[in-house]
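What follows is a short report on a single structure.
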Amino acid sequence: MKALILASALILAATSSFAAEETPGGESVEVASSKHKNLFVFKTKKKFAGATVEIYSSNGSMITSQHLQKRKMIISFSDARYDTYTIRIAKGNNTQEFHYVKK
């Protein structure tokens, strides 16, 4: 149980630092914590509604792409292989990237 809490805290800390680095004018995407270690949860501001969400593997190949229907999205990595994934949210000139490490 302690390992699960530690892993969740590390993922949250890592993704929160990426959110702070990518938005010089203020945060547009907020990464939420999840009690499940295989979930990546984020919520965007209104200007990102309708954005494209793309997930890339560590070798740069695109795994999936989807339009953001609502402001909040939950991505499940439960069936994914152990790897480092890049989650890119883009709308117009605004883009943000997050990294998710599945161990």
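The values are calculated or read from the model by the stated rules, or taken from the named source; none is laboratory data. Here the structure is a predicted model, which is why all the values come from computation and not from measurement. Please note: Cβ atoms are built from the backbone with ideal geometry, for glycine as well, and neighbour counts cover all protein chains shown.
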For the chain, give me every one of the strands (runs of 3 or more DSSP E) that falls completely inside it and has 2 or more residues that are at pLDDT 80 or above and at negative phi.
39-44, 52-56, 62-67, 72-76, 83-91, 94-102
Selected residue (criterion: surrounded by the fewest Cβ atoms within 10 Å (Cβ to Cβ)) from residues of region 65-86 that are more than 15 Å from residue 45 (Cα to Cα) and of a type in the set (A, V, I, L, M, F, W, C):
74
Which residue pairs have Cβ atoms under 6 Å apart, sit 6 or more places apart or on different chains, and have a first residue in region 48-75 that is among the aromatic types (Phe, Trp, Tyr) and a second that is not in a loop (DSSP other than H, G, I, E, B)?
48/91; 56/62; 56/86
